[in-house]
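Okay, so here's the structure we're looking at.
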Amino acid sequence: MQVSSLFRVRNKEIQALHLTWIAFFICFYVWFNMAPLASSMLASADWLTRDDLRLFAIANVALTIPARILVGMALDKWGPRRVFSVLMVSMAIPTFVFAFGETREQLFVSRLVLSSVGASFVVGIHMTALWFKPRDIGFAEGFYAGWGNFGSAAAAMTIPTIALLIYGGPDGWRWAIATSGAVMGLYGVFYWFAITDGPHKDSHKKPRKATALEVSSWRDLVMLCIFTVPMVGVLSIVVYRLQLMGYVDGMTAAICYGAIAVIVAYQVWLAIKVNVPILKKGIPEDDRYPFSSVAALNLTYFANFGAELAVVSMLPMFFQETWGLTAVAAGMIASTFAFVNLFARPMGGLVSDRMGNRRFVMLAYMFGIGVGFALMGMMNSSWPLVIAVAITIGCSFFVQGAEGATFGIIPSIKRRVTGQIAGMAGAYGNVGAVVYLFVFMFVDASTFFLIISAGAFLSWAVCWMWLREPEGGFDEEYVLSSVDHAIAAEARVKRDAEAEITRLFAGSHKVELAERGAGLTLTARFRDMDELQRVVGRLRQAPEASQS
């Protein structure tokens, strides 16, 4: 795939790419629409404090992690078109509640619920994987993510203008936020009708079970259980921060810790419940995949996207305090870290496509991140500002490129469970952000950069040991196993059976077959008893007609 291919808008896959990155862009715009309006919110609502806004900022990322897990499961079951549309429309509701809330409790709860919109990232990753071939997926995923991620920077640049100049007045911030929610909801409706789940009806491959990720060995099951714990368990850090800041008391915190423990135990139990019967039955050789690769990519995304989210939140203050800059100048310099997304992340995917060795590209980028943050950890006021800016941009180039390279590999690991793998890796990016920001509470900026550097080198070592080059990563089509073909055949038989039953039950509103336990359940709905009696009469006449 060439960069010029992006302008061939008559091609269906290019249309799908543009429709999807715009959806992601809007979701990220809404997700980060609060911070640029903080001063306006404080000025118009005398019942709000800066501590309240800090709490809302924590709430803004709190549910993103579990949401990405749940969305990953929903993707594999219902497909990205439905999930993306429903997510955008449903998340418009808490956006409106936040825009017009009149109490701190309303704003907190609505922001907490709205944090789920951060799961939009993994939806588009899955959709893009359905439309593009393995040899082109790196650049396509990188372009989608890079331009979609720019929604956060676009919100910072435009939403204050919308609030102050277009709407104006003390409530301008409310109408600006509400407008972004309305745009997201309307685009969600449009997206439902504008796109399909891939170029063919059978492009979307469903797993046998969508409640937990399928694995290929008992060892992989143990690893899955281990890697499941931090995805929800990291929320205990958020609870600790809330308690430390005095927003919840000890009893409330204990209840939250207990709830987190229950959810973690439930997720582990689901993984065991889904995989034990499959493993006992035996996995065909051609259906196996290395979960170690998934684990390695979880840690790469922890170390690159997690670092990005954490660094963006503290970089302006670092430049302002270290070089004595104004807030505006420091903000402009720090914004270069996010602006690099526009080209560095697509380039990471493109390099992954062109090099012919996705594993090598991943290792190279992670090593670059380690070096980049190590250099940032050594920067101080004695360094020329221009050198510091150059190092920051260079480090960001490797961070964004590594993100693109990560999702250049994921779709080729196991086609059938791409949604769940992408959801897990995406969740680990947020886990990294929470962990790094928690660490930042106790160390200075230089130590913080060095800790991130150590995390990148640790991820590099894990990739060296665990990450395998994906099978068929540069082929025309994704590798499908005998189980994939069997599942597709079962789906065709089910569709044919439903069509035949619909013919026999003509007059019913809805006929469907669903798996229930060890068997199938047939559901048919009728307008009234008369309609049901007519159908029963036809069924009784059918055997007589066949005998004659």
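The values are calculated or read from the model by the stated rules, or taken from the named source; none is laboratory data. These numbers were taken from a predicted model, which means no experiment stands behind them. FYI the Cβ positions are ideal-geometry reconstructions off the backbone, even for glycines, and counts take in every protein chain you see. Please note that ligands, DNA and RNA were not included when accessible areas were found on the heavy atoms of the full protein model with its side chains. Shrake-Rupley method; radii C 1.70, N 1.55, O 1.52, S 1.80 Å.
The set of residues in the stretch 101-138 that are assigned to a helix (DSSP H, G or I), at pLDDT below 85, within 30 Å of PRO470 (Cβ to Cβ) and open to solvent by 10 Å² or more (accessible area, probe 1.4 Å) comprises ARG135, ASP136. Residue count for the stretch 1-24 under the criterion of being surrounded by fewer than 22 Cβ atoms within 10 Å (Cβ to Cβ) and assigned to a helix (DSSP H, G or I): the result is 12.
Here the helices (runs of 4 or more DSSP H) wholly within the stretch 410-504 that include at least 3 residues being aliphatic (A, V, I, L, M) and within 23 Å of VAL229 (Cα to Cα) are 418-440, 445-466. The number of residues in the stretch 68-95 being small (Gly, Ala, Ser) and open to solvent by less than 10 Å² (accessible area, probe 1.4 Å) comes to 4. In the stretch 229-247, the residue that is nearest to ALA67 (Cα to Cα) out of those that are open to solvent by 20 Å² or more (accessible area, probe 1.4 Å) and not in a helix (DSSP H, G or I) is TYR247. Could you tell me which residue of the stretch 258-307 is nearest to GLN400 (Cα to Cα), considering only residues that are in contact with a Phe, Trp or Tyr (Cβ under 9 Å, 6 or more places away or on another chain) and among the aromatic types (Phe, Trp, Tyr)? Per the stated criteria, the residue is PHE305. Determine whether the stretch 410-427 contains at least one residue that is among the basic types (Lys, Arg), open to solvent by 60 Å² or more (accessible area, probe 1.4 Å) and either touching a residue at least 24 places away in the same chain (Cβ under 8 Å) or in contact with a Pro (Cβ under 7 Å, 6 or more places away or on another chain) (or both). Within the stretch 410-427 (the criterion being among the basic types (Lys, Arg), open to solvent by 60 Å² or more (accessible area, probe 1.4 Å) and either touching a residue at least 24 places away in the same chain (Cβ under 8 Å) or in contact with a Pro (Cβ under 7 Å, 6 or more places away or on another chain) (or both)), the answer is no, since none of the residues qualifies.
Do we have any residue at all in the stretch 376-384 that's touching a Cys at 6+ places or on another chain (Cβ under 9 Å), in contact (Cβ under 8 Å) with a residue 24 or more places away in the chain and either closer than 20 Å to GLY429 by Cα or not aliphatic (A, V, I, L, M) (or both)? Scanning the stretch 376-384, I find no residue that is touching a Cys at 6+ places or on another chain (Cβ under 9 Å), in contact (Cβ under 8 Å) with a residue 24 or more places away in the chain and either closer than 20 Å to GLY429 by Cα or not aliphatic (A, V, I, L, M) (or both), so the answer is no. For the stretch 159-204, filtered to residues that are of a type in the set (D, E, K, R) and outside any helix (DSSP H, G or I), the residue that is farthest from ASP484 (Cα to Cα) is ASP171. Which residues, taken from the stretch 89-122, are charged (D, E, K, R), in contact (Cβ under 8 Å) with a residue 40 or more places away in the chain and over 30 Å from TYR301 (Cα atoms)? Answer for the stretch 89-122, where residues must be charged (D, E, K, R), in contact (Cβ under 8 Å) with a residue 40 or more places away in the chain and over 30 Å from TYR301 (Cα atoms): just ARG104. If the condition is being in contact with a helix residue (DSSP H, G or I) (Cβ under 7 Å, 6 or more places away or on another chain), open to solvent by 60 Å² or more (accessible area, probe 1.4 Å) and free of Cβ contacts under 8 Å to residues at least 40 places away in the same chain, then the stretch 248-265 contributes only TYR257.
Of the residues screened, PHE339 is one that is closer than 25 Å to ALA57 by Cα, open to solvent by 60 Å² or more (accessible area, probe 1.4 Å) and in contact (Cβ under 8 Å) with a residue 60 or more places away in the chain.
Against the conditions (1) more than 23 Å from the chain's Cα centre (by Cα); (2) open to solvent by less than 10 Å² (accessible area, probe 1.4 Å), ILE65 satisfies every one except (1).
Would you mind stating whether PHE32 is open to solvent by less than 10 Å² (accessible area, probe 1.4 Å) and closer than 17 Å to SER180 by Cβ? Judged against the criteria, PHE32 is not a match.
For the criterion of being of a type in the set (D, E, K, R) and over 20 Å from GLY148 (Cα atoms), GLU13 fails.
Residue by residue, here is whether (1) at pLDDT 75 or above; (2) touching a strand residue (DSSP E or B) at 6+ places or on another chain (Cβ under 7 Å) holds:
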| position | (1), (2) |
| --- | --- |
| PHE448 | yes, no |
| PHE457 | yes, no |
| LEU467 | yes, no |
| GLY473 | no, no |
| GLU498 | no, yes |
| GLY507 | no, no |
| ARG534 | yes, no |
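With the condition kept exactly as written, say whether any residue in the stretch 47-60 is of a type in the set (Phe, Trp, Tyr), over 15 Å from THR211 (Cβ atoms), open to solvent by 10 Å² or more (accessible area, probe 1.4 Å) and not in a helix (DSSP H, G or I). Looking through the stretch 47-60, at least one residue is of a type in the set (Phe, Trp, Tyr), over 15 Å from THR211 (Cβ atoms), open to solvent by 10 Å² or more (accessible area, probe 1.4 Å) and not in a helix (DSSP H, G or I).
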